[in-house]
Amino acid sequence: MNSLNNVLKNEACVVSRYLDNPLLIQGHKFDLRIYVVITCYDPLRIYVFREGLVRFASEKYQNVDLASDEAKFTHLTNYSINKKNEAFVQN
């Protein structure tokens, strides 16, 4: 689904998009999650949770083929994947 026009109005959903030219922090890809709930459209009522979540990839970003083995540590920020990398640093 590539358009918000295709989102069903009476169905819960998660909206996200992959960025192939991401912002980096010290060369590492990251994802920042800000949790928002929209409870009403008319009038518009939006709540933003005060705390978010950030995760980092364990290898510096390289624009490599997503199917390659090294891509999982540069493109993905999942803790369950990155904790298996030798370069992973525990918080």
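The values are calculated or read from the model by the stated rules, or taken from the named source; none is laboratory data. Keep in mind it's a predicted model, so treat the numbers as computed, not measured. Positions of Cβ are backbone-derived with ideal geometry, glycine not excepted, and every protein chain shown enters the neighbour counts. Accessible surface is based on the protein model in full, side chains and every heavy atom, while ligands, DNA and RNA are left aside. Shrake-Rupley method; radii C 1.70, N 1.55, O 1.52, S 1.80 Å.
Do the sum for the chain: with -39,500 (n - 2.57) for every DSSP H run of n ≥ 4, divided by all residues, what is the mean residue ellipticity at 222 nm, to the nearest 500 deg cm²/dmol?
Result for the chain, helices only: -1500 deg cm²/dmol.
Using DSSP to define loop residues, name the chymotrypsin sites (Phe, Trp or Tyr not before Pro) in the range 18-91 whose beta-carbon has at most 12 other beta-carbon atoms within 10 Å.
Passing sites in the range 18-91 are Tyr18, Tyr35, Phe49.
Read through the labelled values (1) 1.07; (2) 0.97; (3) 1.03 and report the label of the one computed as Rg/Rh (Cα atoms, Kirkwood Rh) from the structure.
Looking at Rg/Rh (Cα atoms, Kirkwood Rh) for this model, the match is (1).
Between Arg33 and Asp65, how high is the FRET efficiency from 1/(1 + (r/R0)^6) when r is the Cβ-Cβ distance and R₀ = 30 Å? Nearest 0.05.
0.70
Going through the range 3-78, which GluC sites (Glu not before Pro) have at most 13 other Cβ atoms within 10 Å and a DSSP loop state?
Passing sites in the range 3-78 are Glu11, Glu51, Glu70.
Please report the carbon-and-sulfur percent of the accessible area for the chain; probe 1.4 Å, protein heavy atoms only, DNA, RNA and ligands left out.
53 percent
Residue separation times 0.36 nm, minus the C-alpha to C-alpha distance between Ser3 and Gln26: what's the value?
5.0 nm
Please list, by residue number, every one of the trypsin sites (Lys or Arg not before Pro) in the chain that is coil in DSSP and has at most 11 other beta-carbon atoms within 10 Å.
Loop-located and lightly packed - Lys9, Arg17, Arg50, Lys83, Lys84.
Contact order normalised by length for the chain, with contacts defined as Cα pairs under 8 Å and 6 or more residues apart; what percent is it?
Reported as a whole number, the value is 21 percent.
Using the crude model of +1 on Lys and Arg Cβ and -1 on Asp and Glu Cβ, and no other charge, please compute the dipole size for the chain relative to its Cα centre, in debye to 20.
300 debye
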